[in-house]
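What follows is a single structure, and I will ask about it in a moment.
Quick note: the coordinates plus some simple rules give every number you see, no bench work behind them. None of the values given here were measured: they were computed from a predicted structure. Virtual Cβ from ideal backbone geometry, glycine too; neighbours counted across all protein chains shown.
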Amino acid sequence: MKPDYDVIVMGGGPAGSCVSTLLAQQGRRVLVVEKERFPRHHIGESLIPETYWPLKRMGVLDKIRQAGFTKKFSVQFASNDGRFSRPFYFFETNHHESAVTWQVLRSKFDALMLDHARESGAEVRQGTLVQDVLFDGERAVGVEIREAGDGARGPVERLSAHVLVDATGLNALLSSRLGLRLRDPKLRKAVVYSYFRGARRDPGVDHGATLVLRTPPGSNGWFWFIPLAEDVTSVGIVADPDYLFGGRGRDLEKIFAEEIERCAAVRSRVEHATRVDRHYTIQDYSFRSRRCSGPGYVMIGDAYGFLDPIYSTGVFLALKSAELAADAIERAFRAEDFSGETLGAHEPRLRRGVESFRKLVYAYYASDFSFGNFIAEHPECRANLIDLLVGNIFREGVDDIFEVMKDYCDIPPPLEFPPAPAAASSLAGK
C-alpha cells in the first residue's frame, strides 16, 4: 500500500525545517510533526558564516535579511585574567557576503524557518506529539501521533512513510530509545543563562560580535555574550556541573549572580544593564549517536549529536546535516533503496566535520592553552583557525592546524563507538 507520506519529519526546529523544505521543493510529500507551538524559546542564537549556504539553498535568505537580526562579523576571546584576543574577523579569509552572519532570536528565527517549510509545500502540524515510532522488523515505517500540551490526550493517529527523519533536538527520540546515544565524558558541562537589556557593547563593526569570556580558575568554564536585536543581550555561563551546582543547590539566580561577580569581563558589561527574562539551565548535553541512520530512518541536527556551544556550531550542524540528509533521501527515492547505508551515506563526511569542531573544543578547555598565544607563535595557522570558526570544516587541509596544536594541548582521537544494538520493532514503552 502507498504510504501516507513520502517523508515524516519529527521536529520543526532548524534541522527539521531545512530537510522538509528541501524535500518539499523536490516534490516529495512531507509532513512535519512538532510537539510545541511556535514561536517558542530556544537557545543557540549565534550563527556562523557557513550557515549561509544551506539557507541560500532553502531560498530563505531574503526573509532572514529582512527580519532585523543583529549582524555578526567576528568572534573574540578573553582569557581568565580579562585579556582580550584580537577579534577573529570572518572576512579575513572569506571575501564573500557570507562572511557577515547574524545573531538571531531563536523564537523568531525558528518560526520563520518553519513557516518557510510550509510555504515550500510541506505539511506542518504543531502541538502534536510523536507518541511512538513504528517498525516492521528493523525498518521504521511510521509514527503514532496525538495532540500534545496541557495534559491533552487526543485520539492517536497512525501515519506511514517511506522515510522517517528524527529532528527532535536534544530529546533525540530515536537514538535515546534505541540505545544509540553515546556521551562524550570529557565534555560534561552545564549552562545557566539569561537576558539583559542595556549591556555594554563594543562600537562599530564589533557591535554584534560574539564574545567568549573565560571564567577565573576553578570552574573550567566560560561566559558567552551574544548581542541580539532591540538592545537585548544573551549572557550565559558554561562550566563543570559539579562546580556550578555542587554545594550551592539549584538557586539559578544566586549562582548566575555570583559567577558574573567573579568574572570582571562580564561584570563590566552588565553592571548597568537590566535583566529582562528568567534564568534557564541545561545540563550534561554533549553526545553523539553511534550511527545517523538505519532502515527507513535518519537522524539530523541535535538528534544525531550535540557537541558544545563554545563555537556556536549547533545551528550550522543542524542545517548542514539536514542538507546532506535531504540529498541522501532524494537518492534513496530515485534508487528505491531505503536502507540505512543509503540514507546515511553522508555520515563519514559529516562525522569528519564534527570531529574537527570537537578537536577545537578540546583545545579551548585545555588548561594553560590560549588561542591568542598560539596564533602569536604560529601566525601561519590563523587562516585555518578562522576557517574552522566560520564552519569551513570540509576544506581540504583545514585540519592541518591540529598537527601544530597537538604540541600545545591534548587533541583527542575520534570518539569510539561500541557496536550498536539492533532496532526494536516498536518504541512504545521504551
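Answer rounded, prolate or oblate for segment 1-63, using the Cα gyration tensor with square roots of eigenvalues a ≥ b ≥ c: rounded when a/c is under 1.5, else prolate when a/b is larger than b/c, else oblate.
oblate
Here's a follow-up. Please work out the Kirkwood hydrodynamic radius for segment 99-157, using every pair of different C-alpha atoms, and report it in angstroms with one decimal place.
In segment 99-157 this quantity evaluates to 14.4 Å.
Count charges around Thr128 for me, please; just the other residues with Cβ under 12 Å from its Cβ, Lys/Arg as +1, Asp/Glu as -1.
-2
Per residue of the chain, what 222 nm ellipticity follows from adding -39500 (n - 2.57) for every DSSP H run with n ≥ 4, rounded to the nearest 500?
Using -39500 (n - 2.57) per qualifying helix, the result is -9000 deg cm²/dmol.
Compute the length gained on full extension between Lys63 and Asp81: take 0.36 nm times their separation in residues and subtract their Cα-Cα distance, giving the result in nm to one decimal.
2.4 nm
Taking a ≥ b ≥ c as the square roots of the Cα gyration tensor eigenvalues, with a/c under 1.5 meaning rounded and otherwise prolate when a/b beats b/c, else oblate, which class fits segment 1-128?
Prolate shape, in that a/c is at least 1.5 and a/b is the bigger ratio.
Extension gain Arg153-Gln283, at 0.36 nm per residue separation less the Cα-Cα distance, in nm?
Extra length available between Arg153 and Gln283 comes to 43.9 nm.
Residue farthest toward the positive end of the dipole of segment 193-319, with Cβ of Lys/Arg at +1 and Asp/Glu at -1: which of Ala229, Gly249, Leu319?
The listed residue farthest towards the positive side: Leu319.
Also, quick follow-up: For the charge dipole of segment 353-405, defined by +1 on Lys and Arg C-beta atoms and -1 on Asp and Glu C-beta atoms about the Cα centroid, which residue among Gly397, Ile375, Ala363 has the Cα displaced farthest towards the positive pole?
Positive-most Cα among the choices belongs to Ala363.
Can you give the net charge of the other residues whose Cβ lies under 11 Å from the Cβ of Phe84, counting K and R as +1 and D and E as -1?
0
Still on this model: With +1 assigned to the C-beta of every Lys and Arg and -1 to the C-beta of every Asp and Glu, and no other charges, what is the dipole magnitude of segment 353-405 about the Cα centre in debye, to the nearest 20?
Magnitude of the dipole: close to 200 debye.
Farthest toward the dipole's positive end in the chain, which of Ile145, Tyr52, Ser79, given Cβ charges of +1 (Lys, Arg) and -1 (Asp, Glu) about the Cα centre?
The one lying farthest along the dipole's positive direction is Ile145.
Roughly how compact is the chain, stated as its Cα Rg over 2.2 N^0.38 Å to two decimals?
0.97
How large is the charge dipole for the chain, taken about the Cα centre, if only the Cβ atoms of Lys, Arg (+1) and Asp, Glu (-1) carry charge, to the nearest 20 debye?
640
Let me ask something additional. Asp242 versus Ala383, label points 7 Å from Cα toward the beta carbon: distance in nm?
Inter-label distance under the simple model: 4.4 nm.
Considering only DSSP beta bridges whose two residues both sit in the chain, what percent are antiparallel, to the nearest 5?
70
Give me the number: length gained by fully extending Asp202 to Asn220, i.e. 0.36 nm times residue separation minus the C-alpha to C-alpha distance, one decimal in nm.
Going from the current span to full extension adds 3.9 nm.
Given R₀ = 25 Å, FRET efficiency for Ile43-Arg183 by Cβ-Cβ distance, to 0.05?
0.80
What list of ³J(HN,Hα) values in whole Hz, one per residue of segment 195-209 in order, does the Karplus curve 6.51 cos²θ - 1.76 cosθ + 1.60 (θ = phi - 60°) give from phi, with Gly and Pro shown as x?
Once rounded to whole Hz, the list reads 9, 10, 10, x, 5, 6, 10, 7, x, x, 5, 8, 4, x, 5.
Give the separation of the Cα centroids, segment 19-38 to segment 297-325, in Å.
Between the Cα centre of segment 19-38 and that of segment 297-325, the gap is 17 Å.
Each label point is 7 Å from the Cα along the Cα-to-Cβ direction; what then is the distance between the points at Ser339 and Asn171, in nm?
With each label placed 7 Å out from Cα toward Cβ, I get 3.2 nm.
Moving on to the next point. Taking N as the number of residues in segment 292-336, what is its Cα Rg relative to 2.2 N^0.38 Å?
Ratio of Cα Rg to 2.2 N^0.38 Å: 1.30.
Further question: Once you sort the root eigenvalues of the Cα gyration tensor of segment 353-405 as a ≥ b ≥ c, which label holds: rounded (a/c under 1.5), prolate (a/b larger than b/c) or oblate (the other case)?
oblate
Here's a follow-up. Could you work out the pair-distance distribution P(r) of segment 189-283 from its alpha-carbon pairs, with 10 angstrom bin width and percents rounded to whole numbers?
17, 53, 26, 4, 0
Measure up Lys71/Lys254; Lys108/Lys320; Lys71/Lys186; Lys108/Lys254; Lys2/Lys108 against 26 Å on the Cα-Cα distance and list the ones that go over.
Pairs exceeding 26 Å: Lys71/Lys254; Lys71/Lys186; Lys108/Lys254; Lys2/Lys108.
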